[in-house]
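Working notes, structure below.
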Amino acid sequence: MIVAVALVACLAVQPSFARSTPLAAGAAGTAGAGPKVSVRGADLVDVGTGVQLWAKDVNTERPMGSITKVMTALLVLRAGDLDRKIKVTEAAVRYVSKRQASSAGLIAGDVLTARQLLAAMLIPSGCDAAYLLATAYGPGRPAFIAKMNAAAKAMGMTSTHFSSFDGMPYPTEHSTYSTPADLIRLGERAMRWQAFREIVDQKEYYLPATASHHGYLWHQTNGLIGSYRGALGIKTGETDAAGDCLLFEARRDGVTLIGVVLHANPSSIPTSAITAGWRVLNWGFAHA
C-alpha cells in the first residue's frame, strides 16, 4: 500500500497534458469534418498546442488490446533499474502458449535486462515480456496491475481500468478498457521518456546471442515506423473485442501530432488501424 501511495504521489506531481478546445475544422465527429476512416473511436491532438484537431466518441470506453503495454512500460520506466536482470521462466512461455497471445519468442532460461524486455514487449508486442516485467516489478502480477490502476487515477485517466498487464482479455474481453482521450494522455506521458522513444521508433531490434541468452530479432508491429515520414511510435493493439487499434505519434515541419484509433473496421470504408493512422496523420498535418 505504501508503494502504491508513493507511485500515485510521483505521478500526480507531473504536469498534466493540456488540451484545448477543438479547431472549427476538426469539430469532433461531424460529417465531412475529419479524415475518411472507419473507426469506432479516435482522437488527434497537436502536442505543442494541446489543440484537439479531430475526434470520434472520444470519451467512450472501449477495450484497446496491447496498447495496455504502454502503461506497463511507463511503470517500469518510472521504477528504473533498467539494467536489472530478469530470467525468462517456463511460466511466461506457457502463458503466451495457453492464451495464444502475441509473443517475442522468449526462451525459458535466458536472462535479459529489463531494458531488453521493454523492447521485446513494445516492438513485437511480446506478452511473454510483459508477463516477466509485471512479475518482477509488482512484485507479482496482481500488485503490478494495482499499480497500473493507481497510476491511471493519478494521471487523470478517469475512464480507464486495467485487469491485465498486456491487454489480453481477463476475466472478460471488456475488463481492460480506456477511452481515446485517456489513451492520448497515456501516450503523451510515455513519449516524454527517452528510453521509451528510442524503443518504439525502431523498425526492428536485433539482440545478439550471449552467454546469458539466445539471439533475437524482433519486428515492429507498428507499420507506420519506417514507412510514414516523421512517424515516432508508439503501439498497436488487437483482440477480438478491441478490433484493430493504434496509438501513434509523428512530427513534421516542427509540428508533433499524437493520435489514437480504436476498432478500425471494414464496415463501410475498408481500413486497418495502420491505414487509419496514416490517413488521420495526413489530415492532421494538413489542418494543424
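The values are calculated or read from the model by the stated rules, or taken from the named source; none is laboratory data. These numbers come from a predicted model, not from an experiment. So basically every Cβ, Gly included, is an ideal-geometry build from the backbone, and we count neighbours across all protein chains shown.
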Name the residue that is modelled with the lowest pLDDT, counting only residues in the stretch 161-173 that are of a type outside the set (A, V, I, L, M, F, W, C) and either in contact with a strand residue (DSSP E or B) (Cβ under 8 Å, 6 or more places away or on another chain) or crowded, with 18+ Cβ neighbours inside 10 Å (or both). Glu173
Only one of Thr158, Thr135 is touching a helix residue (DSSP H, G or I) at 6+ places or on another chain (Cβ under 6 Å), modelled with pLDDT of 95 or more and surrounded by fewer than 22 Cβ atoms within 10 Å (Cβ to Cβ). Can you tell me which? Thr135
Counting only residues that are of a type in the set (A, V, I, L, M, F, W, C), within 22 Å of Tyr170 (Cβ to Cβ) and in contact with a Phe, Trp or Tyr (Cβ under 6 Å, 6 or more places away or on another chain), the stretch 74-103 contains a total of 2
Can you tell me which residue among Pro171, Pro142 is assigned to a helix (DSSP H, G or I) and out of contact with any helix residue (DSSP H, G or I) (no Cβ under 7 Å at 6 or more places or on another chain)? Pro142
Given (1) of a type outside the set (D, E, K, R); (2) in contact (Cβ under 8 Å) with a residue 40 or more places away in the chain; (3) on the phi > 0 side of the Ramachandran plot, Ser159 misses just (3)
Quick check on this structure: which one of Leu232, Leu207, Leu262, Leu217 is touching a strand residue (DSSP E or B) at 6+ places or on another chain (Cβ under 6 Å), under 19 Å from Val37 (Cβ atoms) and among the hydrophobic types (A, V, I, L, M, F, W, C)? Leu262
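Working only within the stretch 86-99, note down all residues that are surrounded by fewer than 16 Cβ atoms within 10 Å (Cβ to Cβ) and either modelled with pLDDT under 95 or closer than 20 Å to Ala143 by Cβ (or both).
First, the residues of the stretch 86-99 that are surrounded by fewer than 16 Cβ atoms within 10 Å (Cβ to Cβ): 87, 90-91, 94, 97-98.
Within the stretch 86-99, Lys87, Ala91 qualify.
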